[in-house]
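First comes the structure, then the notes that go with it.
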Amino acid sequence: MTAKGPAVCVGPDIDTDLVIAGRYLRTKDHSVWVEHVFEDLDPSLAPLLEGSVIVAGKNFGCGSSREQAAVAIREAGVVAVVAPSFARIFFRNAINVGLPLIECDLACTEGCLVTFDLSEGWVEAEGKRHSIHPLSPRMQAILSAGGLVEYWRNHR
Amino acid sequence: MATLSERILNGTAGEYVDRKVDRAYVHDGTGVLTLEAWKRIGSERLTDKTRLSMLFDHIVPANNSTTATLQHELREFARGSFMHFSDVGCGICHQIMSEGVVLPGEVVVGADSHSCTLGAFGAFSTGVGATDMAGIWLTGETWFRVPETIGIHLSGTFYGAAEAKDLALTYVSRLGMDGATYKALEFTGDGVLGLSMDDRLVLCNLSVETGAKAGLFYADDVTVQYLARTGQMVQPQVTEPCNYVQELTIDLSEIVPLVAVPHRVDTVKPVREIAGLPLDQIFVGTCTNGRYSDLARFARIVKGKSVAVRTIVVPASKAVLAEAIRTGVLTDLVDAGCTIGTPGCGPCLGAHSGVLGEGEVCLSTANRNFRNRMGVGAAIYLGSVATAAASALEGEITEPEVN
Ligand code: SF4
């Protein structure tokens with residue numbers, strides 16, 4: 001599964017509060033999360049996200065284990081998040097809601113094209129290819145189904 | 001060479017793997033959410049039920065009719081599905097899984113962060129979310145990222161009143177609350193030989209307080225003998241030199257009685273530095289320190305005396321309670337003025353039977369002292385069983401005597 005998108009750069013240790021603030025959680029309406037995603041980090045980010053690849057610093061998704069953070073990023077149309085490391089619970093949540101994550105320390109230039117293939121295990125930016133651990137077959141299937149519940153609805 | 005996690009998960013650090021799980025368990029709290037996700041998936045049939053357990057421990061017996069109704073639905077589901085079911089009064093999920101269920105080399109998942117406790121048997125045991133668990137109910141499988149490992153090398157033996165809990169607080173304070181995020185901890189070295197299974201369970205229990213995904217001991221003669229007493233015959237695991245991303249060396253003889261002060265587990269002080277701090281409650285129990293050996297050690301110190309402060313003792317399981325009755329430990333505790341709770345989590349999560357009032361101070365043998373956990377506006381200090389016993393007799397934080 002190859003995909004690509006222009007990079008949106010964010011820093012290290014972005015916690016889930018910065019992804020979607022606690023004040024917007026009391027709803028099941030995903031469009032509210034899309035509207036306010038990354039609001040407390042940088043309100044100008046949200047319009048850039050559709051079709052983009054977020055390139056972040058270490059420990060992305062730390063803090064509260066709210067699953068809404070991963071859902072908000074996915075629903076905003078982000079193709080994947082690349083970071084040297086992710087917080088553990090965010091990592092599982094992201095895969096389980098169908099948001100691809102790529103563990104890689106990528107230097108980020110705003111808007112540069114990031115291409116990746118999760119089954120072959122590589123990510124490419126500015127003409128440089130980095131190898132990454134390929135996702136397991138199950139993880140790839142969950143991602144293509146759009147999340148764990150959807151995956152199992154098709155495979156039960 | 002491979003770390004124990006790599007051997008059990010059959011992959012190398014950083015790799016993503018799909019694995020069958022040998023044991024999967026939920027409790028009355030996370031079970032509710034798992035059942036919700038399960039309904040959304042909409043399947044009728046569970047995977048191999050002998051590997052699935054549901055254990056009621058968090059709010060037992062139910063504290064109000066809302067909880068009771070949720071538990072009722074969950075209980076009916078568990079009984080109808082024929083998975084292992086352990087009802088109110090049987091004990092804490094991690095403890096029951098440690099009483100001859102989890103075996104060396106197994107892959108174990110629990111819908112609770114302290115599922116890491118069972119790494120004490122040389123199993124790879126970690127916490128997963130409720131949606132993950134619903135998928136596991138369906139197929140008995142899930143995916144893992146094979147973790148890197150931090151080696152914690154232990155030497156020497158405990159001196160004075162120090163015990164496993166003090167050692168656990170030592171490594172948590174050295175690594176910090178996120179010092180081992182996504183990694184596994186592996187406890188090795190000569191110091192391990194003198195640690196009982198109960199000690200090892202304490203050390204693995206706190207591994208998640210460093211952010212670790214798992215904490216593991218290699219199964220050795222101590223493990224083999226412990227499991228033999230529960231009717232399980234197993235082989236020890238062979239240790240091999242392997243690559244750790246970080247190493248920590250701790251000499252057990254240098255460990256002193258410690259407490260974690262509010263509101264972080266990694267903020268630790270020697271008991272003697274804050275001795276004299278007045279207490280409103282002592283709580284002995286939980287998946288950290290509610291085993292028979294803990295109750296017996298507490299009773300040995302308070303026997304024939306009277307506690308000076310409200311003291312709540314909650315056995316971790318029915319087996320622990322039964323043993324305490326059989327040996328007279330329970331009588332000693334009651335005679336000393338302790339209140340005994342139903343086997344389970346007790347007030348650890350601040351939901352019932354022993355929650356604290358605003359401004360109250362508790363010394364607890366549990367693993368978390370987060371703000372408001374046992375009651376809004378209260379302060380929790382975490383310490384060993386010996387520190388709890390010495391403090392119970394004085395009504396203030398007290399350094400345990402060497403006995
Ligand atoms: S005893 Fe406390 S820490 Fe352990 S499982 Fe129960 S609530 Fe969680």
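The values are calculated or read from the model by the stated rules, or taken from the named source; none is laboratory data. This one's a predicted model, so the numbers in the text were calculated from it and none came from an experiment. Using ideal geometry, Cβ is built from the backbone for each residue, glycine included, and neighbour counts are taken over all protein chains shown.
Tabulated data for the structure shown
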item	result
Residue B:359 away from the ligand (no atom under 11 Å from the Cβ), crowded, with 18+ Cβ neighbours inside 10 Å and not hydrophobic (A, V, I, L, M, F, W, C)	no
From the options B:160, B:176, residue that is within 14 Å of another protein chain (Cβ to nearest Cβ) and surrounded by fewer than 24 Cβ atoms within 10 Å (Cβ to Cβ)	B:176
Criterion (away from the ligand (no atom under 16 Å from the Cβ) and free of Cβ contacts under 8 Å to residues at least 12 places away in the same chain) met by exactly one of B:106, B:76	B:76
Members of region B:303-320 found to be surrounded by fewer than 24 Cβ atoms within 10 Å (Cβ to Cβ) and in a helix (DSSP H, G or I), listed by number	B:318, B:319
Test set (1) more than 11 Å from chain B (Cβ to nearest Cβ); (2) assigned to a loop (DSSP other than H, G, I, E, B); (3) free of Cβ contacts under 8 Å to residues at least 40 places away in the same chain - residue A:130 fails condition number	(2)
Region B:363-399 - residue that is away from the ligand (no atom under 16 Å from the Cβ) and of a type in the set (Val, Ile, Thr) and, of those, nearest to residue B:168 (Cα to Cα)	B:387
Test for residue B:186: is it away from chain A (no Cβ under 14 Å), assigned to a strand (DSSP E or B) and either touching a residue at least 12 places away in the same chain (Cβ under 8 Å) or within 16 Å of the ligand (Cβ to nearest atom) (or both)	yes
Candidates B:117, B:126, B:131, filtered to the one that is in a strand (DSSP E or B), among the hydroxyl-bearing types (Ser, Thr, Tyr) and either touching a Gly at 6+ places or on another chain (Cβ under 9 Å) or within 13 Å of the ligand (Cβ to nearest atom) (or both)	B:126
Set A:80, A:87, A:69, A:94: member being of a type in the set (Gly, Ala, Ser), touching a strand residue (DSSP E or B) at 6+ places or on another chain (Cβ under 6 Å), within 23 Å of residue B:213 (Cα to Cα) and at pLDDT 90 or above	A:94
Residue within region B:288-297 that is acidic (Asp, Glu) and either within 15 Å of the ligand (Cβ to nearest atom) or part of a helix (DSSP H, G or I) (or both) present	yes
Among the residues listed as A:15, A:29, the single one being in contact (Cβ under 8 Å) with a residue 40 or more places away in the chain and among the acidic types (Asp, Glu)	A:15
Candidates A:74, A:26, A:66, filtered to the one that is buried (at least 17 other Cβ atoms within 10 Å of the Cβ), away from chain B (no Cβ under 14 Å) and among the basic types (Lys, Arg)	A:74
Residue in region B:59-68 that is away from chain A (no Cβ under 14 Å), more than 29 Å from residue B:353 (Cβ to Cβ), assigned to a loop (DSSP other than H, G, I, E, B) and more than 16 Å from the ligand (Cβ to nearest atom) present	no
Answer residue from region B:331-362, given it is in contact with an Asp or Glu (Cβ under 9 Å, 6 or more places away or on another chain) and not in a loop (DSSP other than H, G, I, E, B) and is nearest to residue B:58 (Cα to Cα) among those	B:362
Filter result for the condition that a residue is surrounded by 16 or more Cβ atoms within 10 Å (Cβ to Cβ), within 14 Å of another protein chain (Cβ to nearest Cβ) and within 16 Å of the ligand (Cβ to nearest atom), over B:47, B:34	B:34
